[in-house]
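The values are calculated or read from the model by the stated rules, or taken from the named source; none is laboratory data. What you see is a predicted model, and the numbers here were worked out from it, not measured in a lab. Positions of Cβ are generated from backbone atoms using ideal geometry, with glycine treated the same way; all protein chains shown enter the neighbour counts.
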Amino acid sequence: MNRYPHPLVAAIPLVVLIGLLVIVITLFGSDSLSGGSQTALLFGSAVCVAISMAFYRVPWQTFEQQMARTMSGIFVTLMILLAVGMLAGSWMVSGVVPTLIYYGVQILSPRFFLVSACVICSLVSLLSGSSWTTIATLGVALLAIGQALGVSTAWTAGAIISGAYFGDKMSPLSDTTILASSATGVDIFVHIRYMMHTTVPALTVALLIYTVAGLFFGTQGELHIEQYTSGLSSTFNISLWTLLVPLVTGVLIWRHVPSLIVLFLSSLLAGITALVLQPHILAQIAGDPQLGTAGALTRGLIVTYCSSTAVDTGFASLNELVSTGGMAGMLNTIWLIICAMCFGATMLASGMIHSLTGVIVRWVRTRFSLVGSTVLSGLLLNLTTGDQFISIVLNADMFREVYSKEGYEGRLLSRTTEDSATVTSVLVPWNTCGMTQATVLGVPTLTYLPYCFFNLLCPLMTLLVAAVGWRIRRSVSAE
(Lines give C-alpha, C1' and ligand atoms only; values in the text may rest on other atoms or scores of the structure.)
Protein backbone atom coordinates (compact mmCIF):
# COMPACT_ATOMS: atom_id res chain seq x y z
CA MET A 1 0.00 0.00 0.00
CA ASN A 2 1.49 3.32 -1.10
CA ARG A 3 -0.56 5.64 1.10
CA TYR A 4 -3.37 5.74 3.64
CA PRO A 5 -6.88 6.41 2.29
CA HIS A 6 -8.22 9.94 2.57
CA PRO A 7 -10.18 10.38 5.84
CA LEU A 8 -13.43 10.88 3.95
CA VAL A 9 -12.85 7.59 2.15
CA ALA A 10 -11.83 5.89 5.39
CA ALA A 11 -15.11 6.97 6.97
CA ILE A 12 -17.21 5.20 4.31
CA PRO A 13 -17.12 1.67 5.88
CA LEU A 14 -17.97 3.12 9.31
CA VAL A 15 -20.87 5.15 7.90
CA VAL A 16 -22.11 2.07 6.02
CA LEU A 17 -21.88 -0.03 9.19
CA ILE A 18 -23.75 2.47 11.35
CA GLY A 19 -26.42 2.90 8.66
CA LEU A 20 -26.93 -0.85 8.34
CA LEU A 21 -27.06 -1.31 12.13
CA VAL A 22 -29.75 1.39 12.38
CA ILE A 23 -31.79 -0.47 9.73
CA VAL A 24 -31.25 -3.83 11.44
CA ILE A 25 -32.22 -2.55 14.89
CA THR A 26 -35.30 -0.84 13.42
CA LEU A 27 -36.42 -4.01 11.64
CA PHE A 28 -35.48 -6.66 14.19
CA GLY A 29 -35.34 -4.84 17.53
CA SER A 30 -34.10 -7.13 20.30
CA ASP A 31 -33.61 -9.96 17.76
CA SER A 32 -30.93 -8.01 15.90
CA LEU A 33 -28.18 -10.10 17.56
CA SER A 34 -29.58 -13.24 15.94
CA GLY A 35 -27.94 -12.48 12.60
CA GLY A 36 -28.81 -8.97 11.47
CA SER A 37 -26.00 -7.17 13.30
CA GLN A 38 -23.49 -9.82 12.25
CA THR A 39 -24.50 -9.34 8.61
CA ALA A 40 -24.10 -5.57 8.95
CA LEU A 41 -20.56 -6.00 10.30
CA LEU A 42 -19.61 -8.34 7.47
CA PHE A 43 -21.01 -5.95 4.85
CA GLY A 44 -19.03 -3.12 6.48
CA SER A 45 -15.92 -5.29 6.28
CA ALA A 46 -16.64 -6.08 2.63
CA VAL A 47 -16.93 -2.37 1.78
CA CYS A 48 -13.59 -1.70 3.47
CA VAL A 49 -11.86 -4.54 1.62
CA ALA A 50 -13.39 -3.59 -1.75
CA ILE A 51 -12.28 0.05 -1.50
CA SER A 52 -8.78 -0.89 -0.32
CA MET A 53 -8.13 -3.54 -2.97
CA ALA A 54 -9.67 -1.59 -5.85
CA PHE A 55 -8.23 1.88 -5.23
CA TYR A 56 -5.26 1.44 -2.87
CA ARG A 57 -3.88 -1.93 -4.03
CA VAL A 58 -3.90 -3.54 -0.61
CA PRO A 59 -3.30 -7.29 -1.20
CA TRP A 60 -5.78 -9.77 0.20
CA GLN A 61 -2.97 -11.47 2.13
CA THR A 62 -2.64 -8.32 4.28
CA PHE A 63 -6.26 -8.67 5.38
CA GLU A 64 -5.86 -12.40 6.04
CA GLN A 65 -2.79 -11.85 8.21
CA GLN A 66 -4.45 -9.09 10.24
CA MET A 67 -7.58 -11.19 10.74
CA ALA A 68 -5.46 -14.11 11.96
CA ARG A 69 -3.64 -11.87 14.47
CA THR A 70 -6.89 -10.32 15.67
CA MET A 71 -8.75 -13.61 16.02
CA SER A 72 -5.91 -15.26 17.93
CA GLY A 73 -6.05 -12.41 20.43
CA ILE A 74 -9.72 -13.02 21.30
CA PHE A 75 -9.60 -16.81 21.78
CA VAL A 76 -9.51 -16.55 25.58
CA THR A 77 -12.35 -14.00 25.46
CA LEU A 78 -14.53 -16.47 23.57
CA MET A 79 -13.72 -19.25 26.04
CA ILE A 80 -14.60 -16.93 28.93
CA LEU A 81 -17.97 -16.29 27.31
CA LEU A 82 -18.70 -20.02 27.13
CA ALA A 83 -17.62 -20.36 30.77
CA VAL A 84 -19.94 -17.48 31.70
CA GLY A 85 -22.80 -19.37 30.03
CA MET A 86 -22.00 -22.45 32.10
CA LEU A 87 -21.80 -20.39 35.27
CA ALA A 88 -25.08 -18.57 34.66
CA GLY A 89 -26.96 -21.84 34.17
CA SER A 90 -25.36 -23.72 37.04
CA TRP A 91 -25.65 -20.84 39.55
CA MET A 92 -29.36 -20.57 38.77
CA VAL A 93 -30.26 -24.27 38.83
CA SER A 94 -28.11 -25.04 41.88
CA GLY A 95 -30.06 -22.47 43.90
CA VAL A 96 -27.21 -19.97 44.33
CA VAL A 97 -28.96 -17.10 42.54
CA PRO A 98 -32.45 -18.01 43.88
CA THR A 99 -31.02 -17.98 47.43
CA LEU A 100 -29.33 -14.63 46.87
CA ILE A 101 -32.60 -13.26 45.48
CA TYR A 102 -34.64 -14.72 48.36
CA TYR A 103 -32.55 -13.07 51.06
CA GLY A 104 -31.55 -10.04 49.03
CA VAL A 105 -35.09 -8.80 48.44
CA GLN A 106 -35.74 -8.96 52.18
CA ILE A 107 -32.54 -7.15 53.17
CA LEU A 108 -32.05 -4.48 50.51
CA SER A 109 -34.34 -1.46 50.41
CA PRO A 110 -35.78 -0.42 47.03
CA ARG A 111 -34.91 3.20 47.85
CA PHE A 112 -31.20 2.48 48.23
CA PHE A 113 -30.90 -0.54 45.98
CA LEU A 114 -29.26 1.23 43.01
CA VAL A 115 -26.53 2.90 45.04
CA SER A 116 -25.98 -0.34 47.00
CA ALA A 117 -25.64 -2.35 43.78
CA CYS A 118 -23.11 0.13 42.43
CA VAL A 119 -21.02 0.12 45.61
CA ILE A 120 -21.10 -3.69 45.93
CA CYS A 121 -19.95 -4.18 42.33
CA SER A 122 -17.27 -1.50 42.79
CA LEU A 123 -15.75 -3.29 45.77
CA VAL A 124 -15.89 -6.77 44.24
CA SER A 125 -14.44 -5.60 40.92
CA LEU A 126 -11.72 -3.64 42.73
CA LEU A 127 -10.67 -6.79 44.58
CA SER A 128 -10.97 -9.11 41.58
CA GLY A 129 -9.75 -6.76 38.85
CA SER A 130 -12.41 -8.08 36.49
CA SER A 131 -15.62 -6.33 35.50
CA TRP A 132 -16.69 -9.34 33.43
CA THR A 133 -16.46 -11.78 36.36
CA THR A 134 -18.22 -9.33 38.69
CA ILE A 135 -21.12 -8.79 36.28
CA ALA A 136 -21.44 -12.50 35.42
CA THR A 137 -21.74 -13.47 39.09
CA LEU A 138 -23.01 -10.76 41.44
CA GLY A 139 -24.38 -8.66 38.59
CA VAL A 140 -26.82 -11.35 37.49
CA ALA A 141 -28.05 -11.85 41.05
CA LEU A 142 -28.40 -8.09 41.68
CA LEU A 143 -30.39 -7.65 38.47
CA ALA A 144 -32.82 -10.32 39.62
CA ILE A 145 -33.10 -8.74 43.07
CA GLY A 146 -33.79 -5.38 41.43
CA GLN A 147 -36.61 -6.90 39.40
CA ALA A 148 -38.15 -8.34 42.54
CA LEU A 149 -37.92 -4.93 44.22
CA GLY A 150 -39.65 -3.27 41.28
CA VAL A 151 -36.54 -1.39 40.12
CA SER A 152 -36.12 -0.79 36.38
CA THR A 153 -33.74 -3.32 34.78
CA ALA A 154 -32.16 -0.55 32.72
CA TRP A 155 -31.32 1.45 35.86
CA THR A 156 -30.06 -1.66 37.66
CA ALA A 157 -27.87 -2.72 34.74
CA GLY A 158 -26.45 0.81 34.58
CA ALA A 159 -25.59 0.76 38.29
CA ILE A 160 -24.02 -2.70 38.06
CA ILE A 161 -21.90 -1.78 35.04
CA SER A 162 -20.86 1.55 36.54
CA GLY A 163 -19.62 -0.11 39.71
CA ALA A 164 -17.93 -3.00 37.91
CA TYR A 165 -16.04 -0.72 35.55
CA PHE A 166 -14.91 1.56 38.37
CA GLY A 167 -13.31 -1.38 40.14
CA ASP A 168 -11.87 -2.76 36.92
CA LYS A 169 -10.37 0.64 36.06
CA MET A 170 -8.82 1.26 39.49
CA SER A 171 -7.61 -2.25 40.37
CA PRO A 172 -3.90 -3.12 39.98
CA LEU A 173 -5.09 -6.63 39.06
CA SER A 174 -7.10 -5.42 36.05
CA ASP A 175 -5.82 -6.36 32.61
CA THR A 176 -6.93 -3.01 31.13
CA THR A 177 -5.17 -1.07 33.89
CA ILE A 178 -1.97 -3.06 33.40
CA LEU A 179 -2.23 -2.69 29.61
CA ALA A 180 -2.80 1.10 29.69
CA SER A 181 0.12 1.70 32.08
CA SER A 182 2.53 -0.60 30.23
CA ALA A 183 1.55 0.72 26.78
CA THR A 184 2.42 4.27 27.91
CA GLY A 185 5.47 3.34 29.98
CA VAL A 186 3.96 4.53 33.28
CA ASP A 187 4.30 2.74 36.63
CA ILE A 188 0.97 1.07 37.38
CA PHE A 189 0.57 2.63 40.83
CA VAL A 190 1.46 6.08 39.50
CA HIS A 191 -1.18 5.49 36.83
CA ILE A 192 -3.83 4.44 39.39
CA ARG A 193 -3.14 7.38 41.71
CA TYR A 194 -3.38 9.83 38.82
CA MET A 195 -6.68 8.30 37.66
CA MET A 196 -8.22 9.06 41.04
CA HIS A 197 -8.44 12.76 40.09
CA THR A 198 -11.06 11.99 37.44
CA THR A 199 -12.40 8.58 38.44
CA VAL A 200 -13.39 9.27 42.06
CA PRO A 201 -15.36 12.46 41.18
CA ALA A 202 -17.11 10.58 38.35
CA LEU A 203 -18.13 7.74 40.69
CA THR A 204 -19.23 10.21 43.39
CA VAL A 205 -21.58 11.99 40.97
CA ALA A 206 -22.88 8.64 39.72
CA LEU A 207 -23.61 7.47 43.28
CA LEU A 208 -25.49 10.68 43.99
CA ILE A 209 -27.62 10.17 40.88
CA TYR A 210 -28.38 6.55 41.85
CA THR A 211 -29.27 7.65 45.39
CA VAL A 212 -31.70 10.31 44.19
CA ALA A 213 -33.19 8.05 41.51
CA GLY A 214 -33.73 5.26 44.05
CA LEU A 215 -35.96 7.49 46.15
CA PHE A 216 -38.53 7.48 43.33
CA PHE A 217 -38.83 3.69 43.28
CA GLY A 218 -40.18 3.74 46.84
CA THR A 219 -42.20 0.64 47.68
CA GLN A 220 -43.15 -0.37 44.16
CA GLY A 221 -41.73 -3.84 44.78
CA GLU A 222 -43.78 -4.79 47.85
CA LEU A 223 -46.08 -7.18 45.92
CA HIS A 224 -43.19 -8.58 43.88
CA ILE A 225 -41.22 -9.40 47.02
CA GLU A 226 -43.96 -11.62 48.44
CA GLN A 227 -44.52 -13.38 45.12
CA TYR A 228 -40.83 -13.95 44.55
CA THR A 229 -40.06 -15.27 48.04
CA SER A 230 -43.02 -17.68 48.04
CA GLY A 231 -42.34 -18.82 44.47
CA LEU A 232 -38.65 -19.40 45.09
CA SER A 233 -39.09 -21.18 48.43
CA SER A 234 -41.73 -23.54 46.99
CA THR A 235 -39.62 -24.37 43.91
CA PHE A 236 -35.99 -24.38 45.04
CA ASN A 237 -34.34 -25.75 48.14
CA ILE A 238 -33.38 -22.35 49.56
CA SER A 239 -30.33 -23.01 51.72
CA LEU A 240 -27.40 -21.00 53.01
CA TRP A 241 -25.23 -23.97 51.97
CA THR A 242 -25.58 -22.80 48.37
CA LEU A 243 -23.67 -19.65 49.31
CA LEU A 244 -20.53 -21.76 49.65
CA VAL A 245 -20.29 -21.52 45.85
CA PRO A 246 -19.90 -17.72 45.69
CA LEU A 247 -17.74 -17.88 48.83
CA VAL A 248 -15.28 -20.29 47.18
CA THR A 249 -15.45 -18.20 44.01
CA GLY A 250 -14.52 -15.12 46.02
CA VAL A 251 -11.55 -16.93 47.55
CA LEU A 252 -10.33 -17.98 44.09
CA ILE A 253 -10.63 -14.39 42.89
CA TRP A 254 -8.78 -13.15 45.98
CA ARG A 255 -6.02 -15.68 45.26
CA HIS A 256 -5.68 -14.12 41.78
CA VAL A 257 -6.67 -17.29 39.94
CA PRO A 258 -7.22 -16.52 36.20
CA SER A 259 -10.81 -15.63 35.30
CA LEU A 260 -11.34 -18.60 32.97
CA ILE A 261 -10.29 -21.08 35.66
CA VAL A 262 -12.41 -19.30 38.29
CA LEU A 263 -15.52 -19.45 36.12
CA PHE A 264 -15.01 -23.12 35.25
CA LEU A 265 -14.35 -24.24 38.84
CA SER A 266 -17.29 -22.19 40.10
CA SER A 267 -19.56 -23.82 37.50
CA LEU A 268 -18.30 -27.26 38.48
CA LEU A 269 -18.95 -26.61 42.18
CA ALA A 270 -22.41 -25.23 41.39
CA GLY A 271 -23.16 -28.38 39.40
CA ILE A 272 -22.26 -30.57 42.38
CA THR A 273 -24.46 -28.35 44.58
CA ALA A 274 -27.35 -28.84 42.15
CA LEU A 275 -26.96 -32.63 42.34
CA VAL A 276 -27.07 -32.51 46.15
CA LEU A 277 -29.67 -29.80 46.86
CA GLN A 278 -31.79 -29.46 43.70
CA PRO A 279 -32.18 -32.97 42.18
CA HIS A 280 -35.88 -32.31 41.55
CA ILE A 281 -34.99 -29.27 39.42
CA LEU A 282 -32.49 -31.28 37.36
CA ALA A 283 -35.12 -34.01 36.85
CA GLN A 284 -37.62 -31.37 35.69
CA ILE A 285 -35.07 -29.96 33.24
CA ALA A 286 -34.25 -33.45 31.91
CA GLY A 287 -37.92 -33.90 31.02
CA ASP A 288 -37.74 -37.66 30.42
CA PRO A 289 -39.11 -39.90 33.22
CA GLN A 290 -37.90 -43.02 31.39
CA LEU A 291 -34.23 -42.21 32.08
CA GLY A 292 -34.22 -43.19 35.72
CA THR A 293 -32.78 -41.13 38.58
CA ALA A 294 -29.10 -41.21 37.56
CA GLY A 295 -29.87 -40.63 33.89
CA ALA A 296 -32.25 -37.75 34.62
CA LEU A 297 -29.75 -36.00 36.90
CA THR A 298 -26.94 -36.41 34.37
CA ARG A 299 -29.08 -35.19 31.49
CA GLY A 300 -30.40 -32.27 33.55
CA LEU A 301 -26.90 -31.16 34.52
CA ILE A 302 -25.60 -31.34 30.95
CA VAL A 303 -28.60 -29.35 29.70
CA THR A 304 -27.97 -26.79 32.45
CA TYR A 305 -24.41 -26.26 31.28
CA CYS A 306 -25.05 -26.37 27.56
CA SER A 307 -28.55 -25.27 26.67
CA SER A 308 -31.57 -23.26 27.75
CA THR A 309 -33.40 -24.22 30.93
CA ALA A 310 -36.92 -23.42 32.12
CA VAL A 311 -38.20 -23.97 35.66
CA ASP A 312 -41.89 -23.64 36.58
CA THR A 313 -42.30 -21.60 39.79
CA GLY A 314 -45.98 -20.84 39.43
CA PHE A 315 -45.37 -17.19 38.50
CA ALA A 316 -44.78 -16.15 34.89
CA SER A 317 -42.49 -13.24 35.76
CA LEU A 318 -40.42 -15.45 38.06
CA ASN A 319 -40.23 -18.22 35.45
CA GLU A 320 -38.62 -15.78 33.05
CA LEU A 321 -36.20 -14.66 35.74
CA VAL A 322 -34.88 -18.13 36.61
CA SER A 323 -34.55 -19.31 33.01
CA THR A 324 -31.04 -19.42 31.53
CA GLY A 325 -29.39 -20.08 28.19
CA GLY A 326 -26.22 -21.97 29.16
CA MET A 327 -23.33 -22.01 26.71
CA ALA A 328 -25.76 -22.05 23.78
CA GLY A 329 -27.10 -18.69 24.93
CA MET A 330 -23.65 -17.19 24.29
CA LEU A 331 -23.30 -18.38 20.70
CA ASN A 332 -24.95 -15.34 19.11
CA THR A 333 -22.60 -13.09 21.09
CA ILE A 334 -19.57 -15.14 20.04
CA TRP A 335 -20.75 -14.95 16.43
CA LEU A 336 -21.13 -11.20 16.76
CA ILE A 337 -17.67 -10.79 18.32
CA ILE A 338 -16.06 -12.72 15.48
CA CYS A 339 -17.80 -10.49 12.92
CA ALA A 340 -16.84 -7.35 14.88
CA MET A 341 -13.21 -8.47 14.99
CA CYS A 342 -13.37 -9.06 11.23
CA PHE A 343 -14.48 -5.45 10.72
CA GLY A 344 -11.78 -4.14 13.05
CA ALA A 345 -9.10 -6.21 11.33
CA THR A 346 -10.02 -4.93 7.86
CA MET A 347 -10.03 -1.34 9.09
CA LEU A 348 -6.57 -1.87 10.61
CA ALA A 349 -5.10 -3.67 7.60
CA SER A 350 -6.39 -1.03 5.17
CA GLY A 351 -4.92 1.83 7.19
CA MET A 352 -8.33 3.47 7.44
CA ILE A 353 -8.17 3.61 11.25
CA HIS A 354 -4.83 5.42 11.09
CA SER A 355 -6.24 7.82 8.53
CA LEU A 356 -9.24 8.69 10.72
CA THR A 357 -7.24 9.06 13.91
CA GLY A 358 -4.57 11.04 12.07
CA VAL A 359 -7.15 13.77 11.49
CA ILE A 360 -7.84 13.88 15.21
CA VAL A 361 -4.13 14.19 16.05
CA ARG A 362 -3.81 17.16 13.71
CA TRP A 363 -6.39 19.06 15.79
CA VAL A 364 -3.97 19.27 18.72
CA ARG A 365 -3.16 22.89 19.53
CA THR A 366 -3.67 23.27 23.27
CA ARG A 367 -3.76 21.12 26.42
CA PHE A 368 -7.53 20.77 26.15
CA SER A 369 -7.44 19.85 22.46
CA LEU A 370 -4.73 17.25 23.18
CA VAL A 371 -6.81 15.54 25.86
CA GLY A 372 -10.00 15.99 23.85
CA SER A 373 -8.38 14.41 20.78
CA THR A 374 -7.26 11.44 22.87
CA VAL A 375 -10.77 10.96 24.25
CA LEU A 376 -12.33 11.22 20.79
CA SER A 377 -9.77 8.79 19.40
CA GLY A 378 -10.47 6.25 22.15
CA LEU A 379 -14.19 6.38 21.42
CA LEU A 380 -13.62 6.15 17.66
CA LEU A 381 -11.34 3.15 18.09
CA ASN A 382 -13.99 1.40 20.20
CA LEU A 383 -16.48 2.05 17.41
CA THR A 384 -14.21 0.83 14.62
CA THR A 385 -12.12 -1.98 16.13
CA GLY A 386 -14.82 -3.46 18.37
CA ASP A 387 -12.34 -4.31 21.13
CA GLN A 388 -11.13 -2.25 24.10
CA PHE A 389 -7.68 -3.86 24.23
CA ILE A 390 -6.92 -2.90 20.63
CA SER A 391 -8.29 0.58 21.35
CA ILE A 392 -6.03 1.06 24.38
CA VAL A 393 -2.88 -0.04 22.56
CA LEU A 394 -3.56 1.97 19.40
CA ASN A 395 -4.50 5.08 21.37
CA ALA A 396 -1.28 4.88 23.38
CA ASP A 397 0.82 4.28 20.26
CA MET A 398 -0.66 7.18 18.30
CA PHE A 399 -0.42 9.81 21.01
CA ARG A 400 2.76 8.82 22.87
CA GLU A 401 5.01 10.90 20.63
CA VAL A 402 2.59 13.85 20.61
CA TYR A 403 2.43 13.99 24.42
CA SER A 404 6.21 13.72 24.62
CA LYS A 405 6.71 16.45 22.03
CA GLU A 406 4.31 18.77 23.88
CA GLY A 407 6.11 18.03 27.14
CA TYR A 408 3.27 16.36 29.01
CA GLU A 409 3.77 13.47 31.42
CA GLY A 410 3.04 9.95 30.26
CA ARG A 411 0.58 9.47 33.11
CA LEU A 412 -1.73 12.04 31.47
CA LEU A 413 -1.88 9.87 28.35
CA SER A 414 -2.41 6.65 30.34
CA ARG A 415 -5.23 8.24 32.37
CA THR A 416 -6.95 9.78 29.36
CA THR A 417 -6.75 6.48 27.48
CA GLU A 418 -8.50 4.68 30.34
CA ASP A 419 -11.04 7.50 30.73
CA SER A 420 -12.04 6.98 27.09
CA ALA A 421 -11.14 3.60 25.61
CA THR A 422 -11.72 1.46 28.73
CA VAL A 423 -15.00 2.85 30.06
CA THR A 424 -16.78 3.54 26.76
CA SER A 425 -16.21 0.05 25.32
CA VAL A 426 -19.25 -1.29 27.18
CA LEU A 427 -21.43 1.43 25.62
CA VAL A 428 -20.84 0.28 22.01
CA PRO A 429 -23.33 -2.42 20.94
CA TRP A 430 -20.87 -4.20 18.61
CA ASN A 431 -17.86 -3.93 20.93
CA THR A 432 -16.85 -7.13 22.75
CA CYS A 433 -17.68 -5.52 26.11
CA GLY A 434 -21.03 -4.11 25.01
CA MET A 435 -22.09 -7.39 23.44
CA THR A 436 -20.99 -9.50 26.39
CA GLN A 437 -22.65 -7.46 29.14
CA ALA A 438 -25.87 -7.12 27.15
CA THR A 439 -25.98 -10.91 26.78
CA VAL A 440 -25.03 -11.73 30.38
CA LEU A 441 -27.52 -9.27 31.90
CA GLY A 442 -30.19 -9.74 29.25
CA VAL A 443 -30.48 -5.97 28.79
CA PRO A 444 -29.67 -4.47 25.35
CA THR A 445 -26.68 -2.14 25.22
CA LEU A 446 -28.68 0.86 24.03
CA THR A 447 -31.19 0.24 26.83
CA TYR A 448 -28.70 0.40 29.70
CA LEU A 449 -26.41 2.99 28.06
CA PRO A 450 -28.19 6.14 29.39
CA TYR A 451 -27.92 4.82 32.96
CA CYS A 452 -24.19 3.94 33.00
CA PHE A 453 -23.43 7.29 34.60
CA PHE A 454 -19.89 6.46 35.66
CA ASN A 455 -18.96 5.38 32.13
CA LEU A 456 -20.56 8.48 30.64
CA LEU A 457 -19.05 10.86 33.19
CA CYS A 458 -15.44 9.66 33.01
CA PRO A 459 -14.69 11.16 29.55
CA LEU A 460 -16.47 14.38 30.54
CA MET A 461 -14.56 14.56 33.83
CA THR A 462 -11.20 14.14 32.12
CA LEU A 463 -12.13 16.96 29.71
CA LEU A 464 -13.15 19.17 32.64
CA VAL A 465 -9.87 18.51 34.46
CA ALA A 466 -7.95 19.25 31.25
CA ALA A 467 -9.80 22.54 30.81
CA VAL A 468 -9.01 23.58 34.39
CA GLY A 469 -5.50 22.17 34.26
CA TRP A 470 -5.74 20.54 37.69
CA ARG A 471 -2.66 18.42 38.46
CA ILE A 472 -1.56 18.51 34.81
CA ARG A 473 2.10 19.42 34.51
CA ARG A 474 4.57 19.71 31.69
CA SER A 475 7.95 18.08 32.05
CA VAL A 476 10.85 20.26 33.23
CA SER A 477 12.50 20.21 29.79
CA ALA A 478 9.34 21.50 28.13
CA GLU A 479 8.94 24.27 30.63
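Please give the helices (runs of 4 or more DSSP H) falling wholly within segment 391-469 in which 1 or more residues are of a type in the set (D, E, K, R) and crowded, with 21+ Cβ neighbours inside 10 Å. Spell out how you get there, then give the answer.
Values: elements: 410-417, 432-441, 445-448, 453-468.
Qualifying helices (runs of 4 or more DSSP H): 410-417.
May I ask you to list the residues in segment 108-164 that are of a type in the set (Val, Ile, Thr) and buried (at least 22 other Cβ atoms within 10 Å of the Cβ)? Reasoning before the result, please.
Initially, segment 108-164 is screened for residues of a type in the set (Val, Ile, Thr), giving 115, 119-120, 124, 133-135, 137, 140, 145, 151, 153, 156, 160-161.
Of everything in segment 108-164, those that are of a type in the set (Val, Ile, Thr) and buried (at least 22 other Cβ atoms within 10 Å of the Cβ) turn out to be 124, 133, 134, 135, 137, 140, 145, 151, 156, 160, 161.
For residue 94, all conditions in the list (1) buried (at least 22 other Cβ atoms within 10 Å of the Cβ); (2) under 30 Å from residue 179 (Cα atoms); (3) among the hydroxyl-bearing types (Ser, Thr, Tyr) hold save one; what is the number of the exception?
Of everything listed in (1) buried (at least 22 other Cβ atoms within 10 Å of the Cβ); (2) under 30 Å from residue 179 (Cα atoms); (3) among the hydroxyl-bearing types (Ser, Thr, Tyr), residue 94 misses just condition (2).
Given the options 383, 379, 370, name the one that is within 20 Å of the chain's Cα centre (by Cα), surrounded by fewer than 24 Cβ atoms within 10 Å (Cβ to Cβ), under 13 Å from residue 462 (Cβ atoms) and not acidic (Asp, Glu). Spell out the reasoning first.
Values: 383 fails: under 13 Å from residue 462 (Cβ atoms); 370 fails: within 20 Å of the chain's Cα centre (by Cα).
The unique qualifying residue is 379.
If you go through segment 169-215, how many residues are part of a helix (DSSP H, G or I), hydrophobic (A, V, I, L, M, F, W, C) and farther than 22 Å from residue 158 by Cα?
Of segment 169-215, the ones part of a helix (DSSP H, G or I) are 169-170, 175-183, 188-215.
Applying the additional criterion that residues be hydrophobic (A, V, I, L, M, F, W, C) yields 170, 178-180, 183, 188-190, 192, 195-196, 200, 202-203, 205-209, 212-213, 215.
From the residues that got through so far, the ones that are farther than 22 Å from residue 158 by Cα too are 178-180, 183, 188-190, 192.
So the answer is 8.
Among the numbered criteria (1) part of a helix (DSSP H, G or I); (2) over 30 Å from residue 393 (Cβ atoms); (3) not β-branched (Val, Ile, Thr), which one does residue 368 miss?
Checking residue 368 against (1) part of a helix (DSSP H, G or I); (2) over 30 Å from residue 393 (Cβ atoms); (3) not β-branched (Val, Ile, Thr), the one that fails is (2).
Of the residues that make up segment 216-225, is at least one farther than 22 Å from residue 327 by Cβ, touching a helix residue (DSSP H, G or I) at 6+ places or on another chain (Cβ under 8 Å), in a helix (DSSP H, G or I) and not basic (Lys, Arg)? Quick ask: steps written out before the conclusion?
The first filter runs over segment 216-225 and keeps only residues farther than 22 Å from residue 327 by Cβ, leaving 216-225.
Narrowing further to those that are touching a helix residue (DSSP H, G or I) at 6+ places or on another chain (Cβ under 8 Å): 217-221, 224-225.
Subset that is in a helix (DSSP H, G or I): 224-225.
Subsequent filtering for residues that are not basic (Lys, Arg) retains 224-225.
Scanning segment 216-225 turns up at least one residue that is farther than 22 Å from residue 327 by Cβ, touching a helix residue (DSSP H, G or I) at 6+ places or on another chain (Cβ under 8 Å), in a helix (DSSP H, G or I) and not basic (Lys, Arg).
For the structure I just gave you, tell me whether residue 115 is closer than 17 Å to residue 246 by Cα and part of a helix (DSSP H, G or I). Outline the logic, then answer.
On the way: closer than 17 Å to residue 246 by Cα: no; part of a helix (DSSP H, G or I): yes.
When the stated conditions are applied, residue 115 does not pass them.
Only one of (1) under 27 Å from residue 444 (Cβ atoms); (2) without any contact (Cβ under 8 Å) to a residue 24 or more places away in the chain fails for residue 360. Which number is that?
(1) is the only condition that residue 360 fails.
Test of understanding: among 324, 346, which residue is in contact with a Cys (Cβ under 9 Å, 6 or more places away or on another chain) and either more than 30 Å from residue 10 (Cα to Cα) or among the β-branched types (Val, Ile, Thr) (or both)? Break it down into steps so the answer makes sense when it comes.
Values: 324 fails: in contact with a Cys (Cβ under 9 Å, 6 or more places away or on another chain).
After applying the criteria, what remains is 346.
With respect to residue 97, is the statement that it is part of a loop (DSSP other than H, G, I, E, B), of a type in the set (Val, Ile, Thr) and either modelled with pLDDT of 85 or more or out of contact with any His (no Cβ under 9 Å at 6 or more places or on another chain) (or both) true? Don't jump to the end; show me each part of the working.
Values: part of a loop (DSSP other than H, G, I, E, B): no; of a type in the set (Val, Ile, Thr): yes; either modelled with pLDDT of 85 or more or out of contact with any His (no Cβ under 9 Å at 6 or more places or on another chain) (or both): yes.
So residue 97 fails the test.
So in segment 51-95, with the set limited to residues that are touching a strand residue (DSSP E or B) at 6+ places or on another chain (Cβ under 7 Å) and of a type in the set (Gly, Ala, Ser), which one is nearest to residue 439 (Cα to Cα)? Even if it seems obvious, please write down each step before you answer.
Taking segment 51-95 and keeping what is touching a strand residue (DSSP E or B) at 6+ places or on another chain (Cβ under 7 Å), we get 88-89, 92-93.
Now drop any that are not of a type in the set (Gly, Ala, Ser), which leaves 88-89.
Details: 88: 11, 89: 13 Å.
Here the residue is 88.
Quick one: residue 238 ticks every box in (1) in contact with a helix residue (DSSP H, G or I) (Cβ under 9 Å, 6 or more places away or on another chain); (2) in a helix (DSSP H, G or I); (3) closer than 30 Å to residue 319 by Cβ; (4) not basic (Lys, Arg) except a single one, so which number is it?
Every condition holds for residue 238 apart from (2).
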